[in-house]
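K.L.:
Pasting in a structure now, in structure tokens, and then I'll have a few things to ask.
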Amino acid sequence: MDSLVLTLVLPSIRLLLLFFIVFLIARLWFKVETQLPLPPGPFSIPFLGFLPFVGQDFHITLAHLSKRYGSVYQLFLGRNRIVVISDSNIIREAFRQPIFSGRPDTELTKILQGLGIVFSDGDLWKEQRSFLHGVLRQFGTNKLMNGRNGFESKIKEQVTEFLNNLQSFEEKPCRIRPLLASAVSNVVGSVLISSTLKNEEKKSFERLLSLMEEGFKLVTIAMPANFLPLFRYMPCVNRAYQKIKANRAETCGYFKKIVTDHRKTLDPFNIRDICDAYIVQQEKVQKDGKKSYFSDEQLIQIMNDVFSAGMETVTSTLDWAILFLMLYPKVQRNIQEEIDMVIGEQREPSLSDLPKMPYTEATIYEVLRRSTVIALGNAHLTLNDTILAGYRIPKNSQILPNLYAIHMDPKLWKDPELFDPNRFLRDGKIFKPNYFIPFSVGRRMCLGDTLTRMEVFLFLTGLLKKYNLQVPPNEEMPSTKGTTAVSTVPKPYNVYITLRRV
Ligand code: HEM
């Protein structure tokens with residue numbers, strides 16, 4: 001009898017004991033988790049938070065605050081909790097986790113209705129990002145159509161066109177940014193929809209570009225509404241907001257026509273551009289009856305995304321490159337020596353030259369570091385309560401990586417203000433430290449890093465093979481302090497170009 005009782009009761013006691021222990025551990029864990037501190041940070045004015053102190057250069061203000069509050073701190077913009085990170089290891093640790101991969105839902109992103117890649121999240125973002133990632137890689141490595149329509153040939157066409165346009169500016173002061181902007185827009189137009197400023201559709205493409213450019217300015221004006229929705233009712237913000245909506249309707253109309261035309265002329269055996277590749281995949285998933293997010297609306301927003309992500313950033317990077325090369329003639333000469341040695345006089349630069357030109361590659365990285373055109377990355381959103389670097393980070397916190405602060409940290413880079421490509425060289429070979437992160441890191445890292453590297457390399461080598469760049473005679477040295485809106489751009493400057501060999 002006794003043994004029967006023992007056999008029946010003992011397992012229940014064991015089970016109870018187990019429950020009790022699990023309960024104790026869970027309680028202890030919960031206590032530790034909720035007792036972890038929130039990140040430190042500056043005081044907040046009721047309702048406005050830190051908004052009145054943001055200043056002209058928010059990334060610089062934030063870099064100063066990190067000296068006081070450390071590499072993870074928080075502040076409020078309106079009612080939004082912003083967690084600023086200025087340590088590349090902590091950014092890596094955060095951005096590799098799905099919980100940190102959301103995007104803030106703001107007044108401006110609402111206009112996009114959750115479409116596209118840059119401001120979407122969840123399953124739609126995962127599927128569409130993975131598609132774009134694959135296609136960019138295929139075009140980038142010439143794996144589509146035997147390289148016929150690959151990025152390299154499309155960029156080279158635009159380099160030739162750019163150099164032709166430069167001829168009329170030889171030996172006179174030249175404002176080079178508009179020429180760069182057209183060339184880079186042509187590259188994006190060509191890889192995305194096979195449209196450039198030379199096509200018969202020139203007028204509508206020109207209109208698209210001016211809408212995009214205006215869009216960047218309008219977003220800067222309307223930005224405060226992202227943090228304090230009430231700002232939307234301020235006349236200037238409201239005007240900008242309404243104009244953004246109207247311009248978006250117009251660009252979407254333009255892209256819709258492009259999609260219709262592409263569908264009519266589609267040849268699956270000759271994929272011309274990203275638009276074609278999308279339509280082919282869209283038709284495939286439809287035929288397979290798979291649940292997916294491929295749609296014309298989504299394609300149109302991806303076009304908007306790639307134009308906005310790829311035009312301004314690369315134009316500004318090239319703009320900075322030319323400024324630094326002008327200010328550092330020794331760097332210019334070193335690149336030209338490499339060009340003469342590896343490429344020679346008879347042919348134009350190719351991407352296959354890049355691995356043999358470490359100094360040129362190092363210069364491109366130094367331009368990306370020194371300019372950090374996207375100074376604060378793109379805000380992420382935490383999808384749940386979580387922990388980072390010993391701090392409690394509540395759900396719906398916006399996470400801002402201060403890429404500028406990392407790239408200008410004197411503990412990581414000796415004399416960070418100085419432009420010195422040798423930082424990226426060790427024993428004559430490329431050395432990229434893991435705290436060099438101009439394209440951010442992790443699940444939402446930029447999809448255009450390879451395309452950018454290809455563009456900057458081909459444009460710069462094409463330019464320096466033919467020309468010397470200098471500050472125009474009798475003009476002051478241009479400033480290396482930029483102006484930050486959507487990206488950080490150099491203040492307008494003139495360059496004086498002369499043929500290298502006459
Ligand atoms: C100098 C050039 C560029 C820089 C410095 C740059 C930088 C960045 C940064 C910092 C982000 C935010 C990543 C994050 O949220 O953590 C980003 C996102 C993105 N970039 Fe770029 N970018 C450049 C060029 C391009 C180009 C040429 C393309 C065209 C394909 C592109 C496409 C994208 C896309 C699609 C995203 C959104 C990724 C996502 O949210 O999943 N970028 N970029």
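K.L.:
Restricting attention to segment 161-200, which residues are over 22 Å from LEU211 (Cα atoms) and without any contact (Cβ under 8 Å) to a residue 24 or more places away in the chain?
P.N.:
Selection gives ASN164, ASN165, GLN167, SER168.
K.L.:
If a residue must be farther than 17 Å from CYS446 by Cα and within 13 Å of the ligand (Cβ to nearest atom), how many such residues does segment 83-95 contain?
P.N.:
1
K.L.:
Here's something else I'd like to know. Determine whether ASN186 is polar (S, T, N, Q), in contact with an Asp or Glu (Cβ under 6 Å, 6 or more places away or on another chain) and surrounded by 20 or more Cβ atoms within 10 Å (Cβ to Cβ). Give the derivation first.
P.N.:
Numbers: polar (S, T, N, Q): yes; in contact with an Asp or Glu (Cβ under 6 Å, 6 or more places away or on another chain): no; surrounded by 20 or more Cβ atoms within 10 Å (Cβ to Cβ): yes.
Against the criterion (polar (S, T, N, Q), in contact with an Asp or Glu (Cβ under 6 Å, 6 or more places away or on another chain) and surrounded by 20 or more Cβ atoms within 10 Å (Cβ to Cβ)), ASN186 does not qualify.
K.L.:
Only residues that are closer than 13 Å to ILE302 by Cα and hydrophobic (A, V, I, L, M, F, W, C): list them for segment 109-144, please.
P.N.:
LEU112, LEU115, ILE117, VAL118, PHE119, LEU124, TRP125, PHE131, LEU132, VAL135, LEU136
K.L.:
Now for a separate question. Would you please list the contacts, defined by Cβ atoms under 6 Å and residues six or more apart or on different chains, that run from a residue in segment 49-61 that is at positive phi to a residue that is in a helix (DSSP H, G or I) and at pLDDT 90 or above?
P.N.:
GLY55/THR61
K.L.:
Tell me which of these ASN378 doesn't satisfy, since it passes every other one: (1) more than 16 Å from the ligand (Cβ to nearest atom); (2) under 30 Å from LYS491 (Cβ atoms); (3) not in a helix (DSSP H, G or I).
P.N.:
(1)
K.L.:
Looking at TYR278, TYR293, can you tell me which residue is within 16 Å of the ligand (Cβ to nearest atom), modelled with pLDDT of 95 or more, farther than 30 Å from TYR467 by Cβ and assigned to a helix (DSSP H, G or I)? Can you show your working first?
P.N.:
Details: TYR293 fails: assigned to a helix (DSSP H, G or I).
Exactly one of TYR278, TYR293 is within 16 Å of the ligand (Cβ to nearest atom), modelled with pLDDT of 95 or more, farther than 30 Å from TYR467 by Cβ and assigned to a helix (DSSP H, G or I), namely TYR278.
K.L.:
Within 16 Å of the ligand (Cβ to nearest atom) and in contact with a helix residue (DSSP H, G or I) (Cβ under 6 Å, 6 or more places away or on another chain): which single residue out of ILE117, ILE99 fits that description? Before the answer, list the steps.
P.N.:
Values: ILE99 fails: in contact with a helix residue (DSSP H, G or I) (Cβ under 6 Å, 6 or more places away or on another chain).
Being within 16 Å of the ligand (Cβ to nearest atom) and in contact with a helix residue (DSSP H, G or I) (Cβ under 6 Å, 6 or more places away or on another chain) holds for just one of ILE117, ILE99, which is ILE117.
K.L.:
Among the strands (runs of 3 or more DSSP E) contained in segment 387-482, which hold 3 or more residues that are within 16 Å of the ligand (Cβ to nearest atom)?
P.N.:
Details: elements: 391-393, 398-401, 467-470.
Hits in segment 387-482: 398-401.
K.L.:
Give me a count of the residues in segment 157-179 that are buried (at least 20 other Cβ atoms within 10 Å of the Cβ) and assigned to a helix (DSSP H, G or I).
P.N.:
3
K.L.:
Additional query: Return the only residue of GLU455, GLU475 being closer than 25 Å to PHE169 by Cβ and loosely packed, with under 14 Cβ neighbours inside 10 Å.
P.N.:
Numbers: GLU455 fails: loosely packed, with under 14 Cβ neighbours inside 10 Å.
Answer to the selection: GLU475.
K.L.:
Please verify whether segment 96-114 includes one or more residues that are in a helix (DSSP H, G or I), closer than 17 Å to ARG443 by Cβ, among the acidic types (Asp, Glu) and in contact (Cβ under 8 Å) with a residue 40 or more places away in the chain.
P.N.:
Kept after step one, since they are in a helix (DSSP H, G or I), are these residues of segment 96-114: 98-100, 107-110.
When the remaining residues are screened for being closer than 17 Å to ARG443 by Cβ, the result is 98-100.
With among the acidic types (Asp, Glu) added as a condition, the list becomes none.
Checking segment 96-114: not a single residue is in a helix (DSSP H, G or I), closer than 17 Å to ARG443 by Cβ, among the acidic types (Asp, Glu) and in contact (Cβ under 8 Å) with a residue 40 or more places away in the chain.
K.L.:
Assuming GLU312 fulfils every condition listed in (1) of a type in the set (Asp, Glu); (2) away from the ligand (no atom under 15 Å from the Cβ); (3) modelled with pLDDT under 95 apart from one, which condition is it?
P.N.:
Of the numbered conditions (1) of a type in the set (Asp, Glu); (2) away from the ligand (no atom under 15 Å from the Cβ); (3) modelled with pLDDT under 95, the odd one out for GLU312 is (2).
K.L.:
In segment 74-96, which residues are surrounded by 21 or more Cβ atoms within 10 Å (Cβ to Cβ) and of a type in the set (Val, Ile, Thr)?
P.N.:
ILE82, VAL83, VAL84, ILE85, ILE91 - these are the residues of segment 74-96 that are surrounded by 21 or more Cβ atoms within 10 Å (Cβ to Cβ) and of a type in the set (Val, Ile, Thr).
K.L.:
Quick check: is even one residue across segment 127-139 within 22 Å of ASN384 (Cα to Cα), without any contact (Cβ under 8 Å) to a residue 12 or more places away in the chain and within 16 Å of the ligand (Cβ to nearest atom)?
P.N.:
no
The values are calculated or read from the model by the stated rules, or taken from the named source; none is laboratory data. What you see is a predicted model; the values in this text were computed from it and never measured. Positions of Cβ are generated from backbone atoms using ideal geometry, with glycine treated the same way; all protein chains shown enter the neighbour counts.
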